[in-house]
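The values are calculated or read from the model by the stated rules, or taken from the named source; none is laboratory data. Values in this document were obtained by computation on a predicted structure and should not be read as measured data. Backbone-built Cβ (ideal geometry, glycine too); neighbour counts: all protein chains shown. Keep in mind that these areas ignore ligands, DNA and RNA; they rest on the heavy atoms of the full protein, side chains included. Shrake-Rupley method; radii C 1.70, N 1.55, O 1.52, S 1.80 Å.
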Amino acid sequence: MYKDTDCGEPRESMVGSQITVAGWVHRRRDHGNLIFIDLRDRSGLLQVVFNPEHGEKAHDLAQSLRSEWVVQLTGKVVARLSGAENPDLPTGGVELSVTDLVILNRSITPPFEISDDVEVDANTRLKYRFMDLRRPRMQELLKLRHKVTHTMWNYLTEQGFTQVETPILIKSTPEGARDYVVPSRVHPGDFYALPQSPQQLKQLLMVSGVERYFQIARCFRDEDLRADRQPEHTQLDFEMSFVHQDDVMEVVEDLYTLIATETVPETTVSGPFPRLTYAESMERFGTDKPDIRFGLELTTITDTAASSEARVFQAVASSGGSIRGFVAPECGNYGRRQTDDLTEYAKSSGAQGLVFIAIDESAPSIDALEDEHVKSPLKKFLSLDVIKKIATEMGAEPGDLMLIVAGTEKLVNTVLSNLRSEMARRLDLVDSKELAFVWVYDFPLFEWDEELKKYEPAHHVFSSPKAEHMDFLDTDPGKVIGTLWDLVCNGSEMGSGSIRIHDKDLQTKLFNIIGYTEDQISERFGQLLTAFTYGAPPHGGMGLGLDRLVAILAGEDAIREVIAFPKTQSAFDPLFEAPSRIEQQQLDELHIRVVMPKT
RNA sequence: GGUCCCGUGGUGUAGCGGCCUAACACGCCUCCCUGUCAAGGAGGAGAUCGGCAGUUCGAAUCUGCUCGGGAUCGCCA
């Protein structure tokens with residue numbers, strides 16, 4: 001070893017001992033005859049002092065030291081001079097008085113300072129990711145992620161799970177997201193696909209009798225990126241045989257509570273996790289991933305609003321749309337600027353407009369509302385009676401602002417759920433120290449795709465319909481509820497699970513409903529259906545996003561921060577400059593000809 | 001595919017039609033300095049303002065296109 005002690009270790013109790021440390025020059029303070037260096041390694045910072053009286057050669061050499069040089073230092077741990085202690089450092093009571101210095105490597109001037117305080121351009125950070133990761137915060141995030149996966153391994157092992165690796169080179173099943181694809185050399189013209197998730201594989205493992213499987217699995221999707229979406233992401237993927245919904249939820253609830261309490265003890269996790277049906281979540285929050293850390297719940301006022309003189313409301317209601325809204329408490333005094341701002345926000349989510357009704361705080365009560373207490377752009381179309389009724393339905397009080405959106409139900413929900421989050425931010429209603437997990441369950445199995453004029457799986461095709469809804473499969477697939485659920489935390493989808501279908505005929509029936517031909521079914525799912533005919537146990541499981549979990553635990557918005565080597569929004573890796581061209585010879589071997597797009 | 005924001009020395013910012021032959025902080029280089037810890041002092045180097053095309057007597061500053069980054073809608077079973 002180049003060192004016998006880590007930089008973060010020395011304490012007053014070690015004064016007098018001779019140690020050898022090695023690390024990076026974090027900062028240098030050269031006083032001429034006295035040189036201080038903050039030496040950094042993964043454990044922290046240690047001040048070392050070069051004094052010619054204690055090591056003349058080392059002191060001379062130390063004059064050449066620069067930021068990020070790698071050095072090995074031997075010397076004696078000494079107590080700092082009285083008054084020269086640094087209370088900000090764990091090692092601040094002592095320092096290393098150096099007798100010997102070995103320069104292990106030099107560094108050219110770093111592209112940016114290795115410090116948490118410096119905001120560096122995202123591209124530069126990724127191009128020099130190996131430097132970026134030297135920052136204490138990034139080291140912390142890497143360790144946090146490790147701790148989370150370590151806890152997962154330990155916990156699931158204790159619970160009798162077996163970790164099984166599944167192939168990365170597998171088969172394209174082109175429903176859902178776009179596949180990343182890998183050409184085959186030995187099978188000209190054929191391609192593997194990288195898994196979007198190990199879904200079929202883990203179900204096959206259940207048929208294999210593994211009973212309890214898990215994997216920290218890499219998943220690949222060739223879709224546009226977001227702060228919380230990378231082309232490759234990691235899932236805690238697990239599957240269990242002979243279980244019901246509650247059994248699966250219990251495992252996750254215990255595991256995630258354990259992870260949260262072990263890794264971020266300063267946050268609060270309330271358990272048991274609340275449960276909402278999909279229908280209830282949509283009704284109350286307008287989304288299937290509600291942030292339940294704050295109220296601002298939605299109310300439907302379609303009938304009341306349509307009974308007014310307002311054409312917008314009448315038109316929407318008569319065309320089968322809905323009119324909904326929520327109350328922004330104590331925002332009745334919002335000025336033009338603020339309401340314009342909110343309208344802009346609503347429009348960016350797709351709304352045609354946003355209707356306000358402000359109730360002045362001088363109003364004695366909703367019942368005693370007078371004309372002068374109401375401000376609204378639609379005021380002349382809304383009778384006082386209608387306004388009173390709307391306010392009562394929505395639960396508005398004097399001083400409040402009602403935000404109302406009209407349109408198709410889907411649009412109204414999208415707009416209002418976004419607006420709800422935005423208002424929570426503006427009103428500072430979010431406790432950042434809270435992890436509000438919530439189960440959303442009873443998802444419908446299918447969604448009607450208006451463009452394709454057919455049913456699409458709402459989550460995925462392998463989820464089991466509720467026993468009592470089997471008849472709807474033939475009569476009205478849109479009504480079928482699946483044994484299908486999501487885990488949501490602070491408004492983010494953390495993962496999705498279901499009790500799977502383990503019957504060949506039922507699975508085939510579902511494929512038929514979403515319009516797959518017999519050929520497509522056997523081509524894509526033949527292996528699974530065949531397996532089902534050999535005694536498949538009932539089973540269910542989940543896929544849970546690891547990157548999002550770590551990001552939420554860390555309080556980071558972007559999963560980029562918790563991935564060691566992420567890609568930019570255009571799926572580019574500035575460090576490796578991937579993707580890139582390959583040699584013609586490689587293309588030839590793969591029987592591939594590149595046709596560039598015309599520009 | 002759409003919308004929005006950003007792009008100035010190594011890093012982070014200021015400047016937003018002529019006062020800019022571009023300013024500030026950090027970093028970098030040289031020298032001085034035995035108790036600093038964002039050390040201090042003196043001096044110095046370093047960007048033509050992402051790229052291209054326009055508008056203008058004149059552009060870092062205005063316009064268009066383009067490239068790159070970010071946010072977001074679509075998309076993401």
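Among the residues making up region A:453-467, those that are in a loop (DSSP other than H, G, I, E, B) and more than 10 Å from RNA strand B (Cβ to nearest atom) are A:LYS453, A:SER464, A:LYS466. Of the residues making up region A:210-235, those that are of a type outside the set (Asp, Glu), more than 13 Å from A:PRO198 (Cβ to Cβ) and part of a loop (DSSP other than H, G, I, E, B) are A:ARG221, A:LEU225, A:ALA227, A:GLN230, A:PRO231.
Considering only region A:413-452, state which residues are open to solvent by 60 Å² or more (accessible area, probe 1.4 Å) and part of a loop (DSSP other than H, G, I, E, B). A:ASP428, A:LEU429, A:ASP431, A:SER432, A:LYS433, A:GLU450, A:GLU451, A:LEU452, listed by residue number. Looking at the structure I just gave you, is A:GLY8 touching a Pro at 6+ places or on another chain (Cβ under 8 Å) and either away from RNA strand B (no atom under 12 Å from the Cβ) or in contact (Cβ under 8 Å) with a residue 40 or more places away in the chain (or both)? Criteria met by A:GLY8. Looking only at residues that are of a type in the set (D, E, K, R) and under 30 Å from A:SER417 (Cβ atoms) in region A:476-522, which one is surrounded by the fewest Cβ atoms within 10 Å (Cβ to Cβ)? Only one residue tops the list, namely A:ASP476. Consider region A:551-597 and keep the residues that are part of a loop (DSSP other than H, G, I, E, B), within 30 Å of A:ILE259 (Cα to Cα) and open to solvent by 70 Å² or more (accessible area, probe 1.4 Å). The one that is nearest to RNA strand B (Cβ to nearest atom) is A:GLN569. Scanning region A:257-265 turns up one or more residues that are crowded, with 17+ Cβ neighbours inside 10 Å and closer than 26 Å to A:HIS539 by Cβ. Of all residues in region A:17-44, exactly one satisfies the criterion of being in a loop (DSSP other than H, G, I, E, B) and in contact with a Cys (Cβ under 8 Å, 6 or more places away or on another chain), namely A:SER43. Total residues in region A:425-461 satisfying the condition of being modelled with pLDDT under 90, within 22 Å of the chain's Cα centre (by Cα) and either over 30 Å from A:CYS331 (Cβ atoms) or among the small types (Gly, Ala, Ser) (or both): the figure is 4. Per the listing A:LEU81, A:LEU89, the residue uniquely near RNA strand B (Cβ under 7 Å from one of its atoms), in contact with a Leu (Cβ under 8 Å, 6 or more places away or on another chain) and free of Cβ contacts under 8 Å to residues at least 60 places away in the same chain is A:LEU89. At least 3 residues being within 11 Å of RNA strand B (Cβ to nearest atom) and exposed (fewer than 15 other Cβ atoms within 10 Å of the Cβ) is the threshold, and among the helices (runs of 4 or more DSSP H) wholly inside region A:98-209 not one reaches it. Pairing residues of region A:409-428 that are touching a residue at least 40 places away in the same chain (Cβ under 8 Å) with residues that are part of a helix (DSSP H, G or I) and open to solvent by 30 Å² or more (accessible area, probe 1.4 Å), at Cβ distances under 7 Å and at least 6 apart in sequence or on separate chains, gives A:ASN413/A:MET282; A:LEU419/A:TYR345; A:GLU422/A:TYR345. Residues that are farther than 21 Å from A:GLY399 by Cα, open to solvent by 30 Å² or more (accessible area, probe 1.4 Å) and assigned to a helix (DSSP H, G or I) were ranked within region A:318-350; the one that is farthest from RNA strand B (Cβ to nearest atom) is A:SER318. Taking the criterion of being over 33 Å from the mean Cα position of the chain (by Cα), in a strand (DSSP E or B) and free of Cβ contacts under 8 Å to residues at least 24 places away in the same chain, would at least one residue in region A:352-374 satisfy it? Scanning region A:352-374 turns up at least one residue that is over 33 Å from the mean Cα position of the chain (by Cα), in a strand (DSSP E or B) and free of Cβ contacts under 8 Å to residues at least 24 places away in the same chain.
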